[in-house]
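Participant: Handing you this structure, nothing more for now.
The values are calculated or read from the model by the stated rules, or taken from the named source; none is laboratory data. What you see is a predicted model, and the numbers here were worked out from it, not measured in a lab. Heads up, the Cβs are rebuilt from the backbone with ideal geometry, glycines too, and the neighbour counts pull from every protein chain shown.
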Amino acid sequence: MSTEILTGLVGIVALLVLFLTGLEMAYCMVLVGFLGFAALMSFIPASNLVVKEFFDSFTTYSYTVIPLFVLMGEFASNTNIAKRLYTGAYKWFGHVPGGLAMTTVVGATAFKAMCGSTLATVATFSGLAIPEMDRFGYSKELSAGTVASVGTIGMILPPSTVLILYGLICEQSIGRLFLAGIIPALMIALLFMLVIVVWVTLKPGIAPKCEKSSWKERFKVLPEMLVVIVVFVIVIGGMMVGFFSPTEAGTIGTVAVFALALVRREVSFKMIKNSIKGSLKTAIMTLMLLAGSSIFGRFLTITEIPFRAADWASALPLPPYAVMLAIIVIYLVGGSIMDDLAFMVLATPIFLPTALALGYDPIWFGIMISITLMIGGLIPPIALYVFITGNITGIPFKTIYKGVMPYLAALVVALILIFLFPQIITWLPDKFMGPL
Amino acid sequence: MKQFMALVRRVDAVLYVMAGAILIGMVLLTLVDVILRNFGHPITGSMEIIMYGGAMVFGFSIPFATFLKAQIQVDIIVEKLKPKAKKIVTIITRVMGIAIFLFVAYNFFIYGFDVKSTGETTSSFKIPYYPIVFALAFSFLFQSLTLVYDLVEVLRGTAEDAKEATV
């Protein structure tokens, strides 16, 4: 084994150990990347590397997309958009068996189309949908399981921070990734609704029926839903046709959501302050991860580990799908023990060359690992979405875990379908933007 | 020490407010650029200004975001430790953080003087790069001082009681 590979492996182990000390993950990557680079090159080039990578990360125009899309989501989270969407969805789906759970799926999916944060979606709907379902006598397993699971759809439904980050790390078009995420996200939403139908059919007692709204009431709330679609189409569509750059699309989305709040008299100094504060917090967290990963990535590059791993994996006497399954299992374990964004930043530079060497499409790979991370976010030991729902509602984690299980099965089905039919991901971007 | 901590918090908060103000400026500039572009009058070099602004937004957010616990940590092991062991590990990680950012700040100051002497500028507006480099160096310096603040709180045993930071 060469010195470079040995140093690289020591670096990866050191990084994992450092993670467990509680040192911030971005700092861990800076430290190990710097020390590894210094060990293989020398101290001065390693110092220059740290400065250059930080400077490049901070001054890259395309990275300005991060605070802008996050600001759009923060404005959406700090107004009553979620409540209006939930009410609107309720008028349409509330009366069918399991209708409030379906309302939650539709409302949260629509809300996520405006709000870039999966965590904000789960937090918002934990406070909004669960009390409503409690009021109508829904079982806690169904209500909490639905809310915890539905937020994960946001990972692939644009505008998704996970996809933005993947695009930036792997130098893939953010617009193409956004388009690629739409059909799988909608498919998962439908699978979630199917789960509710089957669950409620088998156990009718878990979801008592609610009042039926008249057609007049239903059409009255339709504009609320349409506004979201209009903003979504302008932002994502504008980007698709090349009218906006991703940064500009983030800006237009931010202005559109702000204008909507302004028209509805939901703008206050506190709302603006909290939105900006939240946006900066998420943006710098993401950017520090990017900077840390690029320093660590430089170190990995000179160790040649990603390329050797790709050569090794493609030479294995195994079909490509078996190797891809192994990668998915690694993401599943990683996504369940650390933050999804952080694991994506850490693991993708290592595994993307392997996926490409095996002939997989980088856009397909991005969506595939995002869905894997969605599952990782719902399984122990660190089921982030379960924790958030539990912390906000006070529902025991055990109950939420039970409620999440049927949705996990739906996510696994989605993963299998996407594995068997990659066109689910690639068809829409190929149709609008041409083949890769 | 009390004055030092008050100063760090004050400067961090001011930087955070500046970052927020610049972010709003970026939104407005991009919006105006998109509108004017439709009328055939795009703002020349707007990307450069956005890039410059983005660097300030990111840089100035770093120290105060530490008060907001913005950075991701894996604390499943540390949380399970006994209080004394947890305190020792936290002290070690804070010291490591301080060392990392002092090192980054120092190298950024050196880089700033290099960039100033070579006179590197942006291509359209010829805006010199060195102010960004020094601004980032200053932010990294305050990030390390913020971690010193954090360390002092851990040593005093007040870190756990710290409330959500407000600007």
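Participant: Select, from B:42, B:83, the only residue that is over 25 Å from residue B:144 (Cα atoms) and not hydrophobic (A, V, I, L, M, F, W, C).
Facilitator: None of the other options fit; the residue is B:42.
Participant: Give the residues of the range A:302-323 that are surrounded by fewer than 20 Cβ atoms within 10 Å (Cβ to Cβ) and free of Cβ contacts under 8 Å to residues at least 40 places away in the same chain, sorted by residue number.
Facilitator: Matches in the range A:302-323: A:312, A:315, A:316, A:317, A:318, A:319, A:322.
Participant: Being more than 7 Å from chain B (Cβ to nearest Cβ) and under 19 Å from residue A:283 (Cα atoms) is the filter here; which residues of the range A:26-36 pass it?
Facilitator: Listed by number, the residues that qualify are A:28, A:29.
Participant: What's the total number of residues in the range A:189-246 that are among the aromatic types (Phe, Trp, Tyr), touching a Gly at 6+ places or on another chain (Cβ under 9 Å) and more than 24 Å from residue A:114 (Cα to Cα)?
Facilitator: Residues meeting the conditions: 1.
Participant: Which residues, taken from the range B:102-114, are at the interface with chain A (Cβ under 8 Å from one of its Cβ atoms) and either closer than 29 Å to residue A:22 by Cα or in contact with a strand residue (DSSP E or B) (Cβ under 9 Å, 6 or more places away or on another chain) (or both)?
Facilitator: Answer for the range B:102-114, where residues must be at the interface with chain A (Cβ under 8 Å from one of its Cβ atoms) and either closer than 29 Å to residue A:22 by Cα or in contact with a strand residue (DSSP E or B) (Cβ under 9 Å, 6 or more places away or on another chain) (or both): B:103, B:104, B:107, B:108.
Participant: Can I ask one more? For residue B:140, work out the one condition from (1) touching a residue at least 24 places away in the same chain (Cβ under 8 Å); (2) away from chain A (no Cβ under 11 Å); (3) within 17 Å of residue A:56 (Cα to Cα) it doesn't fulfil.
Facilitator: Looking at each condition in turn, residue B:140 falls short on (2).
Participant: For the range A:50-75, enumerate the residues that are more than 9 Å from every other protein chain (Cβ to nearest Cβ), over 17 Å from the mean Cα position of the chain (by Cα) and either surrounded by 24 or more Cβ atoms within 10 Å (Cβ to Cβ) or without any contact (Cβ under 8 Å) to a residue 60 or more places away in the chain (or both).
Facilitator: The one that is more than 9 Å from every other protein chain (Cβ to nearest Cβ), over 17 Å from the mean Cα position of the chain (by Cα) and either surrounded by 24 or more Cβ atoms within 10 Å (Cβ to Cβ) or without any contact (Cβ under 8 Å) to a residue 60 or more places away in the chain (or both): A:75.
Participant: Please count how many residues of the range A:410-423 are in contact (Cβ under 8 Å) with a residue 60 or more places away in the chain, part of a helix (DSSP H, G or I) and either surrounded by fewer than 19 Cβ atoms within 10 Å (Cβ to Cβ) or of a type in the set (D, E, K, R) (or both).
Facilitator: Going through the range A:410-423 one residue at a time, the tally reaches 3.
Participant: Hey, among the residues in the range A:271-313 that are over 20 Å from the mean Cα position of the chain (by Cα) and under 24 Å from residue B:30 (Cα atoms), which one's nearest to the other protein chains (Cβ to nearest Cβ)?
Facilitator: Restricting to residues being over 20 Å from the mean Cα position of the chain (by Cα) and under 24 Å from residue B:30 (Cα atoms), the top hit is A:276.
Participant: Something else now. Scan the range A:384-402 and give yes if some residue there is closer than 22 Å to residue A:293 by Cβ and within 16 Å of the chain's Cα centre (by Cα), otherwise no.
Facilitator: Initially, the range A:384-402 is screened for residues closer than 22 Å to residue A:293 by Cβ, giving A:384.
Those still in the list that are within 16 Å of the chain's Cα centre (by Cα) too: A:384.
Yes: the range A:384-402 contains one or more residues that are closer than 22 Å to residue A:293 by Cβ and within 16 Å of the chain's Cα centre (by Cα).
Participant: Filtering the range B:67-91 down to residues that are touching a residue at least 24 places away in the same chain (Cβ under 8 Å) and more than 9 Å from chain A (Cβ to nearest Cβ), which residue is farthest from residue B:126 (Cα to Cα)?
Facilitator: Residue satisfying both the conditions and the ranking: B:87.
Participant: Another question, then. If you check residue A:39 against the conditions, is it crowded, with 23+ Cβ neighbours inside 10 Å and either modelled with pLDDT under 90 or under 21 Å from residue A:301 (Cα atoms) (or both)?
Facilitator: Against the criterion (crowded, with 23+ Cβ neighbours inside 10 Å and either modelled with pLDDT under 90 or under 21 Å from residue A:301 (Cα atoms) (or both)), residue A:39 does not qualify.
Participant: Can you find, within the range A:336-362, the residue that is surrounded by the most Cβ atoms within 10 Å (Cβ to Cβ) among those that are of a type in the set (A, V, I, L, M, F, W, C) and more than 17 Å from residue A:161 (Cβ to Cβ)?
Facilitator: Taking the candidates together, the pick is A:355.
Participant: Moving to a separate point now. Does residue A:46 fit the bill of being assigned to a helix (DSSP H, G or I), closer than 17 Å to residue B:105 by Cα and modelled with pLDDT of 95 or more? Break it down stepwise before answering.
Facilitator: Details: assigned to a helix (DSSP H, G or I): yes; closer than 17 Å to residue B:105 by Cα: yes; modelled with pLDDT of 95 or more: yes.
It is true that residue A:46 is assigned to a helix (DSSP H, G or I), closer than 17 Å to residue B:105 by Cα and modelled with pLDDT of 95 or more.
Participant: Being under 22 Å from residue A:246 (Cβ atoms) and more than 9 Å from chain A (Cβ to nearest Cβ) is the filter here; which residues of the range B:1-27 pass it?
Facilitator: As a first pass, look at the range B:1-27 and keep what is under 22 Å from residue A:246 (Cβ atoms): B:19-20, B:22-27.
Answer for the range B:1-27, where residues must be under 22 Å from residue A:246 (Cβ atoms) and more than 9 Å from chain A (Cβ to nearest Cβ): B:22, B:25.
Participant: Right, next: Out of B:119, B:53, B:112, which single residue is exposed (fewer than 15 other Cβ atoms within 10 Å of the Cβ) and more than 26 Å from residue A:343 (Cβ to Cβ)?
Facilitator: That would be B:119, the only listed residue that is exposed (fewer than 15 other Cβ atoms within 10 Å of the Cβ) and more than 26 Å from residue A:343 (Cβ to Cβ).
Participant: Cβ-Cβ distance below 6 Å, separation of 6 or more or different chains: which pairs start in the range A:266-280 with a residue that is touching a residue at least 40 places away in the same chain (Cβ under 8 Å) and end on one that is part of a loop (DSSP other than H, G, I, E, B)?
Facilitator: A:266/A:79; A:266/A:80; A:271/A:78; A:274/A:78; A:275/A:78
Participant: Out of A:288, A:271, A:239, which single residue is surrounded by fewer than 20 Cβ atoms within 10 Å (Cβ to Cβ) and closer than 24 Å to residue A:64 by Cα?
Facilitator: Testing whether each residue is surrounded by fewer than 20 Cβ atoms within 10 Å (Cβ to Cβ) and closer than 24 Å to residue A:64 by Cα leaves just A:271.
Participant: Still on this structure, I have one more. Quick one: residue B:117 ticks every box in (1) part of a helix (DSSP H, G or I); (2) of a type in the set (Ser, Thr, Tyr); (3) in contact (Cβ under 8 Å) with a residue 40 or more places away in the chain bar one, so which box is it?
Facilitator: Status for residue B:117: all satisfied but (3).
Participant: Checking residue A:163 against (1) without any contact (Cβ under 8 Å) to a residue 24 or more places away in the chain; (2) closer than 13 Å to residue A:367 by Cβ, only one condition comes out false. Which one?
Facilitator: Going through the list (1) without any contact (Cβ under 8 Å) to a residue 24 or more places away in the chain; (2) closer than 13 Å to residue A:367 by Cβ, residue A:163 breaks only (1).
Participant: Just name the residue that is modelled with the lowest pLDDT out of those in the range A:7-20 that are more than 7 Å from chain B (Cβ to nearest Cβ) and under 27 Å from the mean Cα position of the chain (by Cα).
Facilitator: Filtering first and then ranking leaves A:16.
Participant: Among the helices (runs of 4 or more DSSP H) lying completely within the range A:140-239, list those that include at least 1 residues that are among the acidic types (Asp, Glu).
Facilitator: Of the helices (runs of 4 or more DSSP H) lying wholly inside the range A:140-239, those with at least 1 residues that are among the acidic types (Asp, Glu) span A:140-150, A:215-232.
Participant: Another question about this same structure. Where in the range A:62-127 are the helices (runs of 4 or more DSSP H), entirely inside, with at least 2 residues that are over 28 Å from residue A:174 (Cα atoms)?
Facilitator: On the way: elements: A:65-77, A:81-93, A:99-112.
Where helices (runs of 4 or more DSSP H) fall fully within the range A:62-127 and carry at least 2 residues being over 28 Å from residue A:174 (Cα atoms), they are A:81-93, A:99-112.
Participant: Would you confirm whether any residue within the range A:105-124 is farther than 25 Å from residue A:262 by Cα and either free of Cβ contacts under 8 Å to residues at least 40 places away in the same chain or charged (D, E, K, R) (or both)?
Facilitator: no
Participant: Testing residue A:149 on (1) farther than 23 Å from residue B:24 by Cα; (2) surrounded by 24 or more Cβ atoms within 10 Å (Cβ to Cβ); (3) touching an Asp or Glu at 6+ places or on another chain (Cβ under 9 Å), one condition comes back false. Which one is that?
Facilitator: With (1) farther than 23 Å from residue B:24 by Cα; (2) surrounded by 24 or more Cβ atoms within 10 Å (Cβ to Cβ); (3) touching an Asp or Glu at 6+ places or on another chain (Cβ under 9 Å) applied to residue A:149, the lone miss is (3).
Participant: In this structure, does residue A:23 turn out to be outside any helix (DSSP H, G or I), at negative phi, within 14 Å of chain B (Cβ to nearest Cβ) and modelled with pLDDT under 95?
Facilitator: yes
Participant: Please verify whether the range B:37-47 includes one or more residues that are farther than 28 Å from residue A:335 by Cβ, more than 10 Å from chain A (Cβ to nearest Cβ) and in contact with a helix residue (DSSP H, G or I) (Cβ under 9 Å, 6 or more places away or on another chain).
Facilitator: Among the residues of the range B:37-47, at least one is farther than 28 Å from residue A:335 by Cβ, more than 10 Å from chain A (Cβ to nearest Cβ) and in contact with a helix residue (DSSP H, G or I) (Cβ under 9 Å, 6 or more places away or on another chain), which makes the answer yes.
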